[in-house]
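Asker: Once you've had a glance at the structure underneath, I'll fire off some questions.
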Amino acid sequence: MERRKFLSQTVAASTLVGLGGLGLNSCSSIGRKHVTILHTNDVHSHIDPFPSSDSRYPNLGGVARRATLVEQIRNENPNTLLFDAGDIFQGTPYFNFYGGELEFKLMSKLKYDAATIGNHDFDNGVDGLLAQIPNGTFDLLSANYDFSNTVLDSFTKPYKTYMLDGIKIGVYGLGIALDGLVTKRLYKETVYLEPYEIALDMERKLKEEEKCDLIVCLSHLGYDYENPQRPSDIRLAQRTYHTQLIIGGHTHTFLDKPEVRTNLNGNSVLVNQVGAYGLNLGRIDFYFDSEKNVSGNGVSISV
């Protein structure tokens, strides 16, 4: 694992991308502030490593190994946040038996800061999701699901801000359209709002009102689709102004490092997704100069 980690991080060093107009040659190590963002997606209740007999992922994954990696990285850089992009539930007997309790408790042990909501997180209905919220010490961020006529009203937030070493980070959540993916009796009166419009509203608030230095979207829209009318992370990156990192889920897309897209301001946006089942941990490192101009690089680390 350590060898894979070393090789991956060596590759990541060549992917430094200027965000918000910062030239790469201005990235001196002197006086820079460093923020690390770690992330998972579509873990699907995979608590244990895959067995050695598995044909695709023998001995890979597992919460214990992820916890060790997260602890190592936090010791390296205390200015670290940990997020999940949804589909925490469904996929092993742990969910069938405990209904999500174990997943939320373990995420709390790992000190996740926030997660967004995936379609499979409704598999026990809005009531089942509500029942597990007390087991989580992290925030559920969802800006485009209107829960006002459901039992989840007031139990989620559209966005959250964090202050690390004088750097203000704003994070908002987006979910996929539930109709056709989730039975209506499970999501009940949840109203799905158009994600691109909501994203523009969220990033405006985070940039102009909250004065954030870095804006992150936790997305369960999916990486990309052939149908250009279907909302996706790639198109979201191209249709926003201030979002600098999109952490994705839903499509189980394994990226070795973030894709780079250009937003409506002509600046770079990092789009990342680390597959599924807890096999990988995403790591994005951001560096801020004395004027809070930012550059970033990222990598997927095998667990």
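Asker: Go through (1) in a loop (DSSP other than H, G, I, E, B); (2) touching a residue at least 12 places away in the same chain (Cβ under 8 Å) and name the single condition Asp153 misses.
Answerer: Going through (1) in a loop (DSSP other than H, G, I, E, B); (2) touching a residue at least 12 places away in the same chain (Cβ under 8 Å) one by one, Asp153 breaks only (2).
Asker: Sticking with this one: Which ones in the stretch 219-254 are out of contact with any strand residue (DSSP E or B) (no Cβ under 6 Å at 6 or more places or on another chain) and among the charged types (D, E, K, R)?
Answerer: Asp224, Glu226, Arg230, Arg235, Arg239
Asker: For the stretch 1-93, please list each of the strands (runs of 3 or more DSSP E) lying entirely inside it that holds at least 1 residues being modelled with pLDDT of 95 or more, closer than 28 Å to Thr116 by Cβ and not small (Gly, Ala, Ser). Steps first, please.
Answerer: Numbers: elements: 17-19, 33-40, 80-84.
It comes to 33-40, 80-84.
Asker: Would you pick out the residues in the stretch 136-150 that are outside any strand (DSSP E or B) and farther than 15 Å from Ser45 by Cα?
Answerer: Step one: list which residues in the stretch 136-150 are outside any strand (DSSP E or B), which gives 136-138, 142-144, 147-150.
If the condition is that a residue be outside any strand (DSSP E or B) and farther than 15 Å from Ser45 by Cα, then Thr137, Phe138, Ser142, Ala143, Asn144, Phe147, Ser148, Asn149, Thr150 are the ones that fit.
Asker: Can you tell me which residue in the stretch 29-58 is nearest to Gly99 (Cα to Cα), limited to those that are acidic (Asp, Glu) and surrounded by fewer than 18 Cβ atoms within 10 Å (Cβ to Cβ)?
Answerer: The initial filter retains those residues of the stretch 29-58 that are acidic (Asp, Glu), namely 42, 48, 54.
From the residues that got through so far, the ones that are surrounded by fewer than 18 Cβ atoms within 10 Å (Cβ to Cβ) too are 48, 54.
Values: Asp48: 16, Asp54: 25 Å.
Across the stretch 29-58, the extreme among qualifying residues is Asp48.
Asker: Can I ask one more? Give me the strands (runs of 3 or more DSSP E) completely within the stretch 225-303, filtered to those with at least 3 residues that are of a type outside the set (S, T, N, Q) and buried (at least 24 other Cβ atoms within 10 Å of the Cβ), ordered by residue number. Walk me through how you get there before you give the answer.
Answerer: Values: elements: 245-247, 259-262, 268-272, 280-288, 294-302.
Fully inside the stretch 225-303 and qualifying: 245-247, 268-272, 280-288, 294-302.
Asker: Further question: Which one of the conditions (1) in contact (Cβ under 8 Å) with a residue 40 or more places away in the chain; (2) out of contact with any helix residue (DSSP H, G or I) (no Cβ under 7 Å at 6 or more places or on another chain); (3) of a type in the set (Ser, Thr, Tyr) does Thr253 fail to meet, given that it meets all the rest?
Answerer: (1)
Asker: Looking only at residues that are more than 18 Å from the chain's Cα centre (by Cα) and in contact (Cβ under 8 Å) with a residue 12 or more places away in the chain in the stretch 94-108, which one is surrounded by the fewest Cβ atoms within 10 Å (Cβ to Cβ)? Write out each step before concluding.
Answerer: Our first condition is that a residue be more than 18 Å from the chain's Cα centre (by Cα); within the stretch 94-108, this holds for 94-102, 105.
From the residues that got through so far, the ones that are in contact (Cβ under 8 Å) with a residue 12 or more places away in the chain too are 94-95, 99-102, 105.
On the way: Tyr94: 20, Phe95: 22, Gly99: 18, Gly100: 23, Glu101: 16, Leu102: 18, Lys105: 14.
The selected residue is Lys105.
Asker: Follow-up question, since we're still on this one. Before we move on, is Gly61 in contact with a His (Cβ under 8 Å, 6 or more places away or on another chain), more than 30 Å from Arg32 (Cα to Cα), surrounded by 17 or more Cβ atoms within 10 Å (Cβ to Cβ) and of a type outside the set (Phe, Trp, Tyr)?
Answerer: Values: in contact with a His (Cβ under 8 Å, 6 or more places away or on another chain): yes; more than 30 Å from Arg32 (Cα to Cα): yes; surrounded by 17 or more Cβ atoms within 10 Å (Cβ to Cβ): yes; of a type outside the set (Phe, Trp, Tyr): yes.
Yes; evaluated as a whole, the condition is true for this residue.
The values are calculated or read from the model by the stated rules, or taken from the named source; none is laboratory data. Source: prediction; values computed, not measured. Neighbour counts run over all protein chains shown; Cβ positions are idealised from the backbone, glycine included.
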